[in-house]
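Novice: Below: one structure in structure tokens.
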Amino acid sequence: MSTRRSSRGSRLSEVVQLEEEREEAKENTTPTKRRGRPRKTIGGSIPEEGENDQPSTDASPPKRVKVSSRKKKVVEEEERDDADPVSVTAIGSLPERERETENLAKYIEDILVENGSGSLYISGPPGTGKTATLTKIISDRKLASKLKMVYVNCTSMSSAGSIYKKICEELSLSVAGTSEKFYLMAIEEYLKRKHKTVMLVLDEIDQLASSKQTILYNIFEWPAKRESRLILVGIANALDLTDRLLSRLQARCELKPHLIQFLPYTKQQLVTILKNNMVQNDTTEMFNDAALQLLAAKVASTSGDARRALFLARRLVENASKEDRETKKANAKLQDKPLSSPPKKPVQIGLVVNTLKQVYGTTQTMADDEAFPLQQKLLLCSLLLVLKAGKSKDITVGRLHQVYRAVCAKRNLQVVDQTEFLNMCSLVETRGILRLQGKKEARLMRVQLQWDEDEVHNTLNDKQLIADVLADTSCAQGK
């Protein structure tokens, strides 16, 4: 899971870096001796003399300055571009995320048209297209040319307060001192000065949570400052982060962020995504409709994670191809004939069932999509107990294993060792319910609950067990 998270962050960072290189190249380009200043279009081509001599009737009138007709045409075209909204048709969107893309692009464009500021909170479980959709939008050259992009993955911060230093580094600000206070002052002074609109993207923003939430409140207050010209975008998995941790924002309209939710993909949406991917990879003949429906139904019922569905589809195709090759090889050997190349054998229902059992670690029938093995239920109940009993959200695998052992011992249930417990955590992670964050030593890895507690309760579907474990506070100490 951490690998997928870092890879999506790197993609967004690459887009930001590419736009910075374009800006730098634009500034360092030596002007030629041509009349007028040719404008670079969205597609990257430069209009030649005499092209498009008639400006659009929708263009705004040129400014009253004494310039050549060529310059007048350029001014009109630039003003027309500024007036045209960024559309999903121009940007493109992920399958089944057209509405979210439209909403996000329109929000950003509206702020740019008004030369204003705003804050946006994008939420949703892993694999629902949050960062990918944002990456798609800001990679549009027309939109990105109007913004100074700053992207920070907050999981890389050693402490919540170090976010100020990171932002200063990204904006190349000079700072008078080395304390958190000086970095904060430098950012706020920068926002008071005239500058290009800054789009600050804070991925995994929930990592900045602290006891009094001072840092998060400071950051969400920046767009409300006069002339700040800042678009703040926070991304996290929790749907209710701003309501639960930042309740004061709801009291002031200017601080209340615009919310965009990326809900887990439904079965039908996953079918559409898988079919679209198979067309691109020329593997349509490898899946019949029944196998595809079964795969989509299982992923939709556990996490709605499109990346997980695509990974499983690829794994199934590889396994089916391997079985097919082995069968052909064995038949050719028996018949003493060279290998032929008949049509590929599609993925069978039995292979889908067996693969899903291996991945999700359950021996339940596939009709029971909500079923959890008892040991995984005990793991999650132990995690809920630690969260209920403790103030700290910093829970390690070692600490969680101690509580799990105490819970099992009280009920005379079998206890798995720490190695097997880590494997069990990884299985639960594939469902998108929790996340493991890495230290090299397994017992020091951090465990974070990704779903709301109510969602976990509904998924476990065992009210008696949950109530029994959560009432046993003595187990929270690992005793």
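The values are calculated or read from the model by the stated rules, or taken from the named source; none is laboratory data. For clarity, every value in this text was computed on a predicted model and none was experimentally measured. With ideal geometry, Cβ positions are generated from the backbone for all residues, glycine too; neighbour counts draw on all protein chains shown. Quick note on the areas: whole protein, heavy atoms, side chains included, nothing else; ligands and nucleic acids left out. Shrake-Rupley method; radii C 1.70, N 1.55, O 1.52, S 1.80 Å.
Novice: Would you call SER179 out of contact with any helix residue (DSSP H, G or I) (no Cβ under 8 Å at 6 or more places or on another chain), free of Cβ contacts under 8 Å to residues at least 60 places away in the same chain, farther than 22 Å from LYS225 by Cβ and open to solvent by 20 Å² or more (accessible area, probe 1.4 Å)?
Specialist: It is false that SER179 is out of contact with any helix residue (DSSP H, G or I) (no Cβ under 8 Å at 6 or more places or on another chain), free of Cβ contacts under 8 Å to residues at least 60 places away in the same chain, farther than 22 Å from LYS225 by Cβ and open to solvent by 20 Å² or more (accessible area, probe 1.4 Å).
Novice: Moving to a separate point now. When the residues of the range 238-292 are filtered to those that are among the polar types (S, T, N, Q) and closer than 13 Å to LEU310 by Cα, which remaining residue is most open to solvent (accessible area, probe 1.4 Å)?
Specialist: GLN280
Novice: Does the range 236-263 hold any residues that are of a type in the set (Asp, Glu) and over 21 Å from the mean Cα position of the chain (by Cα), and which are they?
Specialist: GLU254
Novice: For ALA160, are the conditions met, namely being within 23 Å of LEU249 (Cβ to Cβ) and open to solvent by less than 40 Å² (accessible area, probe 1.4 Å)?
Specialist: yes
Novice: Checking the condition under 17 Å from the mean Cα position of the chain (by Cα), within 16 Å of GLY116 (Cα to Cα) and buried (at least 19 other Cβ atoms within 10 Å of the Cβ), which residue from LEU208, LEU232 passes?
Specialist: None of the other options fit; the residue is LEU232.
Novice: Which condition breaks for GLU318 when tested against (1) farther than 30 Å from LYS194 by Cβ; (2) surrounded by 15 or more Cβ atoms within 10 Å (Cβ to Cβ)?
Specialist: Evaluating GLU318 over (1) farther than 30 Å from LYS194 by Cβ; (2) surrounded by 15 or more Cβ atoms within 10 Å (Cβ to Cβ) leaves (2) as the failure.
Novice: Filter the range 128-143 down to residues that are of a type in the set (Gly, Ala, Ser) and surrounded by fewer than 21 Cβ atoms within 10 Å (Cβ to Cβ) and give me whichever is modelled with the highest pLDDT.
Specialist: Ranking the candidates gives ALA132 first.
Novice: For the range 243-272, give me each residue that is of a type in the set (A, V, I, L, M, F, W, C) and closer than 30 Å to LEU232 by Cα.
Specialist: Passing the criteria: LEU245, LEU246, LEU249, ALA251, CYS253, LEU255, LEU259, ILE260, PHE262, LEU263.
Novice: Which of the following residues is without any contact (Cβ under 8 Å) to a residue 12 or more places away in the chain and among the hydroxyl-bearing types (Ser, Thr, Tyr): SER139, SER174, SER158?
Specialist: So the residue among SER139, SER174, SER158 that is without any contact (Cβ under 8 Å) to a residue 12 or more places away in the chain and among the hydroxyl-bearing types (Ser, Thr, Tyr) is SER158.
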